[in-house]
Every structure is written in structure tokens, then in C-alpha cells.
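Working notes, structure below.
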Amino acid sequence: MNLGIKEHMRECEYSQISTSSSTPMESPHKKRTLKRRWEVFPGRNKFYCNGRIMMARQTGVFYLTLVLIVVTSGLFFAFDCPFLASTLTPAIPVIGGVLFFFVMGTLLRTSFSDPGVLPRATDDEAADLERQIDTVNGTSTGYRPPPRTKEIIINGQTVKLKYCFTCRIFRPPRASHCSLCDNCVERFDHHCPWVGNCVGKRNYRFFYMFILSLSFLTIFIFSFVLTHVVLRSHSAGFLTALKDSPASVLEVVVCFFSVWSIVGLSGFHTYLIGSNQTTNEDIKGSWSSKRGKENYNPYSHGNIFTNCCAALCGPFPPSLIDRRGFVVPDMVQPTPPTNGVTMYGATQSQSHMCDQDQCIQSTKFVLQAAATPLLQSEPVAIVDESSLPGRTLTGSPRASLPLGQPTPPTSSPNLTCESELLGHEAPETYPHLLTPEEAPSPPGMLPCGSPVGHGHNVPFYNPANQDSLHEDSIRGLVKLSSV
Amino acid sequence: MATEFHNLQELRHSASLANKVFIQRDYSEGTVCKFHTKFPSELDSRIERTLFEDTVKTLNNFYAEAEKIGGQSYLEGCLACATAYLIFLCIETRYEKVLKKISRYIQEQNEKIYAPRGLLITDPVERGMRVIEISVYEDRGSSGSTSGSSSTTSSSGQ
């Protein structure tokens, strides 16, 4: 009998696996379209191409970046290259072309990829953490407890981990919560409006390659446009040369202003990579020796070369948020909470109907770890919203970050992306407290991150029966081994 | 087949989720993925300490292997850069390969060791690599109840 059951379970298991892995929950008579996880993502991101592309909400400046690069390069190829190719060498447009494609490729890669967003905690996780914190602090009597921090020792250096009230997790070291995107991002560098995305663990190397190649492209175009004008003016005179190729004037102007900021930014990030720091840490002076004699960077590998290799050629971590996976339809409802009560009953009945399917969900889940997230981490916006008034007390020391904070000389130029980064460390309040407005913008800088404001968080149905579904779903496995 | 299925239905009502234990990340060596090997007290009566520690240590080793910075990762990084990172459309990164190994290992551990003791390990990658979630099940011992799937029992095993 035992063997028979086991065999049946195995058959059940195998047959489940062999069927379509993406829609295990569909009962034949429930023709509900399954939502993908990006559609119910709790952060303030925009998704395109059915979840393949992920960007921040404000993408206006990104389009400006695209236009500037494409138009300037286009003018270069159209107006300057013919002359240069015939006069000097045809290698010029070729090299220019390669640089251009590399710049575009890295820009798109930076802008469209997941920067390393940490998924929010499940209800169980959050409850467990709350219990631990209450045990340590003593149970709070209703008013908002003080900001929660945890001190740990990393390689001999004391580091404080902060509790993120939005994501309900203790942020890993070097992670930070971006107020513009409303996500915790691993190894958070800064939020860059020019690429329309956060720069974090997963896309830092693309970002660095982008600004590096853009520096080369800018210098390349600048110098060859000047060469072009100079060569022409030898034969025809300066003003005639300018009249003959008016596009060159525009290119020179754009490149001249870009060169200072882009090259400066590249230099700054080269320094950051060499010392294995993030922009965030550098601005705050986290590892500066000015803080104390014993203060050093615990993440640095010791020498510049290893740090560079680790940042640029290190292992490429996968995305932790499964954008294109399917949401189990009866667990998440992107509707106002008033519908939640009615859904509960429906959920129960559906869970019974789908028992057979659910019984080995977790086995499948374990087998296909990231492919079919049938049990998912639940974003709970309802809890977040109810605790909104209290959140202002989290008081991360963001407000005390003036731009004039002592930093290494290489960071002093008004680098375009840096002034935006102050926005990220805002307490996890809603965007009307957006910090970038406080940052003095360098001349010519577009104000970043206009207040996004409203209702970014879709209230989710917070199913109390999540655990009963969970228990249903793995009973088969438990029984399989216990009989 | 029908008889076996009927028995399975009955058996299915016998287990209920009692508690979830979370093994947190150990950041003492930096941001590498590593979990605490400290044995949680809630599992005291459920599983032997050595088995648990072995599982966590093996997982830690897997993650260390995935995040190792060495010849192979440099090669992968340089190749990817040279192909403008288009190569990742075709091949899997080393990290992804190791993650697959990890999920196979966890499944095997669940089948052989944890499920017989009424426990279930959830792959950390589904929890954002923050925790190893171990679900603790209590066997209710009864069968055939049609109102089976009750709501979560609050942590009785605390």
C-alpha cells in the first residue's frame, strides 16, 4: 500500500512536471488570465515587453540622454565622417561606430535591467522579525518604536543594519532603499535619472562601462569635429568652414559640456571601484578615516586590481524578483481591500478544487527554483499603508547630508548623477518627502525625480489563508516521506 | 489508482503547518551569501543538530562557489564584456548553474531528511536570498475531515 501510494505520488509528481510549468493553477472551468509577477510588483517601477524590461517611473531624462547621444553621433556620422574618412582615414567612422554601439548597448543594459532589487518580506518572515525585535526591545505599547537597527561585525568593522519599514526586512549591508523606486536595492550606488533606473549590484558594471565608453565617444567626437573644422578652415577660412558644416558647431557645444561631467564622473567611479565603495558610502563618508582611526572599508579586497576585477568581472548575480513568473491567481488580488472578504470564500473553494495540483507545488517549486514561483513572497501594502503615519520616525540620517560634505577631491566636480543620489536615502515615507529637491543642482542640471506622489502601492489582498494553501500544497511531499 | 488517490486525500488532511523557522544571513564575512549555522531551538525536537548543520554548511559552500572570484568568473566576465553582454542571452551564468544545483540539493534533502521529520526547506532564492525558511509541520493524525484546510494554526511549536 505504501509503495502504491508512493508510486502514485511519483506519477502525480512527474505528470505535473511534464505539463505546462507556467500555469499549474488553472482549473479547466476557471478561465481567469494569470497575471505575471511584474504586474503586481509593489515597487514604483515601470515594466515593458511583458516584464523583460524594468525601469524607474520617471523616464523623461532617459529619453533626453538617448536623444543627445543619438543625435550628436548621427550628426557626426552624417556631416563630419565623410570629410574625415576621405581626408584622413576611414578607420575614424569605423571606430566611432563601434564606440557608438558599445555606448548604446551598455546604456540600454543599465536602464533595462533589474539593479538588484530585494523582494519584500513575506508575512511570515516579517512576523518572525517583529517577534525577534519585540523580544529584544520589550513589547511596544502601541506607539511607533524607535528605528530598528542591528549591529554586526564584518571583517572586524562594526556595521549597522537598518530595518526597512517598507520592505519589512533588515537591509543587507550596502543595500539601501530608493525612495524614487520604492525598492530596497542591493549594493545601492545611486538612482540615476539619466539612465532612468537605480544603479545597484546587478547593473553597476554596465553603468560603469556606459560612462567610460561615453567618455571615449565624447572625446572622440569632440576631437575629430575640431579636426574637421580646423582642416576645413585651412583651405577655406574659419567662418566658411563653420558655414559649410553647421552641425559641427552643435556637436562641439554638446561635447564640450558633456566632456567635463562625463569624464569627471568616469574618474570618480574609477576611484570608487578601486576602493570598492558605493557612491552612497562615499558621500556619507562611511569608510572615511576622518570618522575615526579604526575606520576602514571592510569590503575592500586590499588592492586596487582585485577590487576592479571583482566589480567588473565578478560573478553575475541573478535577479531576485521573478518578473515574468506567474502569480498564483487566488493569492493576490490587485483590488481594494473591500473585495478581500468575498475573495476569501472563493479562495477556499478553489484551494480544494486545486488540491491535487497543489499537493506537490513545493516539490515542483524546489525542482524549478526560479522558473515557477508558485509560492511567493507576498507584498503587503495594506500593512504598510496603515503604518504610514508612523514612518516619519524612522529618521535615517539622510537629512543631514549636505553636498559639501568632505569627500575625496575626485568627487568634487558637480557630477550629474551624484546630486540625484541623495534622494535614495529618504526615510521610507511616501514621495512627497522627496529629498532630491534639497540637493543644490549644478548649473544645467535637470531637477531629478519630480514628486511622484500618489498611490504607487496597489493595495493587495492579504490572504489570511496563505498558510492553509501552503500546507495543502506540500502535504503530499510530507506524507510521501512519512508513510 | 482511485483507491490510492482516495487514501492520499485522507492523508493530506493529516498535516498542518505549525510554525516557520527562519535562518538569517550571516554577514560576518561581508556581503557574500552565507547563512547562520546556529541550530534554532524550535527544531530541537525535530531534527538532529548535525544533519541540520550539514545542510546549511553545504548550502553555504554552494553559494561561496557561485560567488567565488577567480579565473572562471574573470573569464566569464571578460567574455561577456567583449560580446557586449549579449552572450548571456545564449548561455547561463555560472551563478545560475549553481542555483540549479542548489535547488536540486534542497529537493533531495527535503525528500530524504526533512520531509520524514515533518519539515520542509524553502529555497532561499524564493525569499530573496535573505532567509532559509523551514516550515514545521505537526501531524494531526486524523484523516477524512472535509473541512480540512483550516486556517493557519498559530505557532504552537514555539
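Just so you know, all these numbers are worked out from the coordinates, no wet-lab data involved. Computed from a predicted structure; not experimentally measured. All Cβ positions, even for glycine, are placed from backbone atoms using ideal geometry, and neighbour counts span all protein chains on display.
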What is the distance in Å between the Cα centres of segment A:56-109 and segment A:258-314? 29 Å
Simple spin-label estimate for A:Ala91/B:Leu86, 7 Å along Cα→Cβ, in nm, reads 2.4 nm
Net charge within 14 Å of A:Ile221 by Cβ-Cβ distance, Lys/Arg positive one each and Asp/Glu negative one each, not counting A:Ile221 itself? -2
When Lys and Arg each count +1 and Asp and Glu each count -1, what net charge do the other residues less than 14 Å away from B:Ile132, Cβ to Cβ, add up to? -3
Taking neighbour counts of Cβ atoms within 10 Å as a proxy for exposure, in what order, fewest first, do B:Lys112, A:Lys201, A:Lys150 appear? B:Lys112, A:Lys150, A:Lys201
Cβ-based exposure ranking for A:Val263, A:Val199, A:Val98, in which fewest neighbours within 10 Å come first: A:Val98, A:Val263, A:Val199
For the pair A:Ser319/A:Glu130, report the inter-label distance in nm, with labels modelled 7 Å from Cα in the Cβ direction. 3.1 nm
To the nearest whole number, what is the average tally of beta carbon atoms from other chains within 10 Å of the beta carbons of peptide A:244-254? 0
How many Cβ atoms of partner chains, on average, are near each residue of A:120-127 if near means within 10 Å of its Cβ? 5
